[in-house]
Structures are given as structure tokens and as C-alpha cells.
1. Which of the residues spanning the stretch 457-478 are without any contact (Cβ under 8 Å) to a residue 60 or more places away in the chain and not in a loop (DSSP other than H, G, I, E, B)?
2. Name the residue, out of 310, 327, that is farther than 18 Å from residue 512 by Cα and near the ligand (Cβ under 10 Å from one of its atoms).
3. Condition test on residue 332, is it touching a residue at least 60 places away in the same chain (Cβ under 8 Å) and buried (at least 17 other Cβ atoms within 10 Å of the Cβ)?
4. Kindly indicate whether residue 481 is surrounded by 14 or more Cβ atoms within 10 Å (Cβ to Cβ) and either not assigned by TED's automatic domain parsing to the domain that holds residue 408 or not in a loop (DSSP other than H, G, I, E, B) (or both).
5. Residues in the stretch 397-421 that are within 12 Å of the ligand (Cβ to nearest atom) and not in a strand (DSSP E or B): how many?
6. Pull up the stretch 485-500, narrow it to residues that are open to solvent by 50 Å² or more (accessible area, probe 1.4 Å) and part of a helix (DSSP H, G or I), then point me to the one that is nearest to residue 457 (Cα to Cα).
7. Tell me, which residue of the stretch 161-175 that is closer than 19 Å to residue 391 by Cα, more than 16 Å from the ligand (Cβ to nearest atom) and part of a loop (DSSP other than H, G, I, E, B) is most open to solvent (accessible area, probe 1.4 Å)?
8. What is the number of the single condition among (1) crowded, with 23+ Cβ neighbours inside 10 Å; (2) on the phi > 0 side of the Ramachandran plot; (3) away from the ligand (no atom under 16 Å from the Cβ) that residue 221 does not meet?
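The values are calculated or read from the model by the stated rules, or taken from the named source; none is laboratory data. Worth saying up front: this structure is predicted, and the values here are computed from it rather than measured. Because the Cβ atoms are built from the backbone with ideal geometry, glycine has one as well, and the counts that use them run over all protein chains shown. Ligands, DNA and RNA are excluded from the accessible area calculation, which covers all protein heavy atoms including side chains. Shrake-Rupley method; radii C 1.70, N 1.55, O 1.52, S 1.80 Å.
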Amino acid sequence: MLTGLMQPMPLNISKILEHATLAHGGREIISRNVAEADWRGNYAMTAQRAAQAAHWLKDLGLQSGDRVSSLAWNTHRHFELFFAVPGIGCVLHTANPRLPDEHIVHTINHAGSRILLYDSNMGAIVDRLRPLLTSVETYVVLCQADYDAQIASFPESIDWPVIDENAGAFLCYTSGTTGDPKGVLYSHRSVVLHGLAAGLSGALSLSAFDVILPCQSLYHATAWGIPFAGAINGSKFVFPCDRFDGASLQSLIQAEGVTFSGGVPTIWTMYLDYLAQTGEDTGTLQRVVIGGSAVPRVMAETFQSKYGVAVNQIWGMTEMSPLGVLATATPQIASLGQEGMNDVIWDRQGRLQFGVELKIVDEAGKRLPHDGQSSGSVLVRGPWVLERYYRAASSALNEDGWFDTGDIATIDVNGFMRITDRKKDVIKSGGEWISSIDIENISAGCPGIKVAAVVGVRHRQWEERPILIVEPFDDAKLTEATITEWLTPRLVKWWMPDRIFFEPVPMSATGKIDKKALRHKYADVLVQSVDQQR
Ligand code: ADP
């Protein structure tokens, strides 16, 4: 080998903040806060506060590799901790406050965190958990009177230490829908590479002109890496704290000139409903990246045709930092014309992105062709895909070094992937698969439906059949008959749900339909009705 002669500079997260400060120091960082006035700062001020926080953490005795947990919303303090904690070689575990108590306790104990930093409206949760937390020595409230006061006396600059790029930086837990949450430990290297790739024009396409309103939680896979992608590009940030309702988002979009936002579909359902109710428009908003679960086509259509806002679907998972694929145009797709392009972009999760190798395989593990028809398990590998879960004794990869995502999909000739289901949500009826995502997507287009959930339940003849659970908008007048009328011309006959139920659809801690709860609740509903008819 002839060794390359370039600088072997490790990829460090602190470099992102240093760059943002030098190149975009005056670019604003705005934040709503719990029971405090909005914070108005910029990258230079964020860097000063991150330096103070870093000195303070070291003063508390934190050593390289130690873990710090946060129970915090989307605020400027949480953002500065994204740099301060890994900046000194420690690991930030972003606990998810929407998990059940026992799961939050499990994640903090499993992380072995020495410090817990929490927003002031999480006091009740922390009081409940405190007796059960085994490693936390110091509790600090993220507010002026506590955290701000504690960091205030420390220097506003720091020489960030050079850290091995493979050192852990963030510990993010999966939401535990299948057992205890599992820890995914991002490294400096994975975070920096992911941040660079996420900002590319074929991905989130961020620039210094963008004003980003992150509506994906900072505790959910580091808000999809947007804090880093945005800082690398010098974008302005507007943090909404814990207020994701339509009115709150709209006031920030209007006041701060937001151009770019993103989050799970539920948030955008609320936002579009708010606009429909008030007759307001989307102002400066140009793009919304939506993912975490399938984006109903009607959502993308409404954003574009009514408000001129582009929707890009994203697919990924905590184990992938989380970027996997993103639906952005290419010349081939654009040449199909607006409608043809929409058919591709709105009905697919996204296209292959550099940095994530992705393949679909059949049950024997054999690679399937990219023909848009063959569907199989989605396997991934790459520098921001996990190798093993935190504290796990063995690798999470198969013998060939690929990670099985648990999703089933097709890929077409243009590299666009279409998820048909998660393996555990697949409905098998009479030996054939029915895509719950497709039925949900079509149902979501029915006027009056706020959320549509489809699960497979036991059936004597067909093994499983789909049922549809509908949460209507408050003022909607929906009946089983109107929904059936909507679905009949749009679904193949045997995909038609056997029953339709009306109730608020339960959501998981990461904004996904809680299908486990629904399957449990309705497990025997078709079997019982047959029994009753007898
Ligand atoms: P959790 O911890 O709830 O599993 P993740 O965000 O890691 O949270 O979940 C990842 C899973 O979410 C993926 O494996 C996939 O099933 C689903 N998902 C994410 N984005 C999409 C999307 N755009 N369309 C359909 N499913 C999606």
C-alpha cells in the first residue's frame, strides 16, 4: 500500500460548532422555552454557552466516556448540550420523556448516566423516577435559575480536546415496541459523516439561507441529525420547545421566516388542520421532510397543491442515525412531468443515498432485483449504521455484515424504495400479503379521516384479515358506509378491511401508530363476531 499523505484529522463534532461560529457566527438560534421568555441568540452565543457547559461538566468531575442523560425538549439549551457533552469526550443519552416510566428508568440505568439534565416541566417525572435511578449523582433543571446559573461563572471559550473519531457521542434508544429499548451508540465519526450527507442537495438540501424549525424531537435519533446538518450549513434554527400544535408552529413560521421543517406525519396532520380551520397559509415555508411512518399521499398533495410547499419523504431508523433513503427528484423522475414525478416521489419512501448501502433479499437471503415488484427484507450497511447495541455481547449484523431493518420493501430501477410493511405488521391473509401501509394511505385520503390504522387480526378461514381503525377529525361526519364507499373503487376487493372501528388511534413514544396495542385489543374481534352470528 502507498499511504496517502493527507492530514489524518479525526472527525469531531466540536468542529461543526467551531465552523458554524467562524463562518456563520451571527446566524440566529431562536428558542421557545418552558415557562421562560424566548431565547434569541446565534451560533457565537451557542458556542460560548457550550464552552461554559463543557467546563462546568468537567468541574463536576465528568471523565471521558462518562454518560450524561437529558430529558429535554427542542430548545437552545438541549442544542448546546449536543456539542458540549460530546465535545469533552462524554456521551449524551437523550432520554425519551414520552416512553413509559419503566422504559425511561431502564434507559438511564442502562446508560449508567452520572448526570440528569431535565426541563422544568419534567419535574414530576423526575420525582417519580429518582428513587429508581441507580447511577445518577447530579440532577440539574434546564432553566435560568439552575443550569444557567451553574454554568455562568465558567469561561466562554474552550480548546476542544481532539477525540478519537470512533469514540461514542450520543446514546439513542429504540422505542422498545419489541421488548426493552435497545441503545444505539453513535460515534463522532458517524455523526459528522451523517450530518454532511444529510445536508446534501439530493437529501435535505440545506443552506445558509434556510431557517429550520425542527419538529422531530431532539431526543429521537438526534432529531434526524438536523442539528448537525443545519450547523454545517449555517442555517438559522428556530426551536419550538414542546409545543408542536398547529397554532404554535404557525406563529414561529410566520415570525421567524421558517423555510424548512420536518417531523412525523401526526404533527403535519395537526398543522394542515390548523391551516384549514383558520384559512391561513404557510408563509415562507418551502419544504417539509416527513417520515418515521409512511406519509399519506393526501398530505403531500395538500402541501403542494394548496400551499406550494414541497414534501420529501424520509425513511430511516434509530439504528441508522437515522437517515436511510429520501425522496428527492432526479432528471429521470423530473422528465416524467409533474404528475409522473409526484407518483414516484409521493408513493415511495425515497431513493438511495450515498453512504447507506441497501439491498432487499428473499427469505433465503438472496438478493432481489430492483424491478419495483420483488419485495423482500431491507438490509443496510454503512458508516452510520450500527454494528451492535450498547452493552450487547454480540454483533447485530448477519454473517455477511448487513443489518436487517425489519422492514419489507421493493426498490425500482431508479433506486426508489417503497416500504410495504414492517415484518411484524405484515398481514398474511389466505397465504398472501396485504400491505397495511397501503390501506392506511388510501384511507387517509378519505375526507374527514384524521388517522387511519390497519392491523391484521385472527380469522378462522383466512388466518388473518385487515381491520381499519379510524380517528376522525372533530367536526367530521363519518360512517362506516362513507368510508366503504371511498375505499371500494380504490382497493382490490380482498384488501378491503373486514370491519371499521372508530376511536382515537394510540400513538407510540416516537409518533408511530401503536399497532401492538391495537392488535391486542382487537385480536379476536372477527372470531367473536362469527361466534356471535352462530
Ligand atoms: P422506533 O424506536 O419507534 O422503532 P425508529 O424511528 O427507529 O423508531 O423506527 C424506525 C422504523 O420506522 C423503520 O424501521 C420503519 O418501519 C418506520 N419508518 C420510518 N420512516 C418511515 C417511512 N417514511 N415510511 C414507512 N415507515 C417508516
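1. Filtering the stretch 457-478 for residues without any contact (Cβ under 8 Å) to a residue 60 or more places away in the chain gives 461-464, 466-472, 474-478.
463, 464, 466, 467, 468, 469, 470, 471, 472 - these are the residues of the stretch 457-478 that are without any contact (Cβ under 8 Å) to a residue 60 or more places away in the chain and not in a loop (DSSP other than H, G, I, E, B).
2. 327
3. no
4. no
5. 0
6. 494
7. 166
8. If we test residue 221 against (1) crowded, with 23+ Cβ neighbours inside 10 Å; (2) on the phi > 0 side of the Ramachandran plot; (3) away from the ligand (no atom under 16 Å from the Cβ), just (3) comes out false.
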